[in-house]
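Student: The following block contains the structure, expressed as structure tokens.
Laboratory data are not the source of any read-out in this text; all were calculated from the coordinates shown. Bear in mind that the values here come from a model prediction, so they are computed numbers and not experimental data. Note that each Cβ is placed from the backbone with ideal geometry, even for glycine, and that neighbours are counted across all protein chains shown.
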Amino acid sequence: MSETHTSLSTAGGATGDIGSWLSRMLARGGKLPCAFRVHAPDGTTTLIGDGAPEFDLFIRNQNGLRALQSISELRIADAYVRGDLDLEGDVVKAMWLRDLLSDRNVWLKLWRRLQPLILGREKLNPEWIAKHYDSGNVQLLALDQDYFAYTPGVYLSDDDTLEESSRRKYEFAWDQLRLQPGQELLEVGCGWGGMTRYCATRGARVTGITLSKDQLGFTRGVIERYGLDASAHYQDFFTFQPGKRFDAISCMGVIEDLSDYPRVMQRFSELVKPGGRMYLDFASGKVPFGTSSFITKYVWPGTFRMTYMPELMAAIDKSPIQLVGVYNDRHNYYLWARNGHTRWVENRDKVVAQAGEEIYRLFRLLYMGTAGVMNNPSHEVTAYRLVLELPGPGGVRQG
């Protein structure tokens, strides 16, 4: 095997093809995040950049090479999912190359905005949620094994485990919601029952709603297994009519799917008791509709988008709800995705046996990409935890 060092190669053959791809990327005005090796289908290896390589990019065939030369993020993601490209090494830093790729796909982006207007959000929501969450619960192989939290935990150290950080996040949410035994919690998007179990074992009565049939079945199993004072229902948040108000509302990793913020605040105001609190955590972007085409095609279609804080804050300001606290969750999100990726790779054989190679590669790319954007020096993507309160007669309670 031969190795060539290049920054912008104009040689022929595979090295020339790689140099052409690199030139097109750098012409977009960015810079390489680090040095890396590219392994071509003909067996040659090209060292890109200066210094020690931090990851390896394997081009398995001509389809992979053509995808790279397109500098289209979606085509490159397609090629990875199919197995035409591979990554090893510091795959999180490899994701920083996304800054040099294009993501136009005008029709895909336009349709995700028009579809709910034409066909109706409530009609489409179950299908959108099922796209990602009804995957035979294979995601559990990447999560903590105590509560199966599918949102970031709270880390005190980069060495904390998924289990430690998830338990700490639920404790934080319980404390911030000021729940007491005998009070009622509404969990919007109950996932695999982690918050339901945590709060119910502390004496709260929990009502969980979800549009994932796989998660619904799993959460009901958790409730039965532990004998919890809780229930889980297949129900859309916007049409949920419980006939009562709750002492608190939990909304973990869900508002990205509920991106009509004024309507969300209206529903919170209807569903929580005066003096009651709401806890939210979520990913956030610097632009209103910055969701990548990869996410729209493979993971969360429809109206899903990273939360746009100016719009969310405006919706809170125009509602009776008050902001109690906001916490930056970016590093927690990075660590959660990084650790989830590690666990996913460790469980590769189990994932492939349960769901197949493409699902393994798809979710691996999702974890790599999530860790990458949450650790990218550009800070175009971040994450937050929010605590809200619907004031009672005496106003917002302190403490």
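Student: Run the simple label-point estimate for Arg178 and Glu357 please: 7 Å along Cα→C-beta, distance reported in nm.
Tutor: Each label point lies 7 Å from its Cα, and together they span 5.6 nm.
Student: State the extension gain, in nm to one decimal, for the chain segment bounded by Asp86 and Gln69, taking 0.36 nm per residue of separation less the distance between their alpha-carbons.
Tutor: 4.6 nm
Student: While we're on this one: What ranking do Val81, Val352 get, fewest neighbouring Cβ atoms within 10 angstrom at the top?
Tutor: Val352, Val81
Student: Does region 122-389 come out rounded, prolate or oblate by the C-alpha gyration tensor, with a ≥ b ≥ c the root eigenvalues, rounded set by a/c under 1.5 and, if not, prolate when a/b is larger than b/c and oblate if not? Present the calculation step by step, with values, prior to reporting the outcome.
Tutor: Numbers: a/c = 1.41, a/b = 1.20, b/c = 1.17.
It is rounded, given that a/c, with a ≥ b ≥ c, falls under 1.5.
Student: Determine the distance separating the Cα centre of region 170-237 from the Cα centre of region 355-374; give it in Å without decimals.
Tutor: Measuring centre to centre over Cα atoms gives 27 Å.
Student: Among 244-251, 225-232, 171-178, how do they line up by average Cβ neighbours within 10 Å per residue, starting with the highest?
Tutor: Going from most to least packed, we get 244-251, 171-178, 225-232.
Student: For labels at Lys286 and Glu270 in the simple 7 Å Cα→Cβ model, what's the distance in nm?
Tutor: Rounded to a tenth, the inter-label distance reads 3.7 nm.
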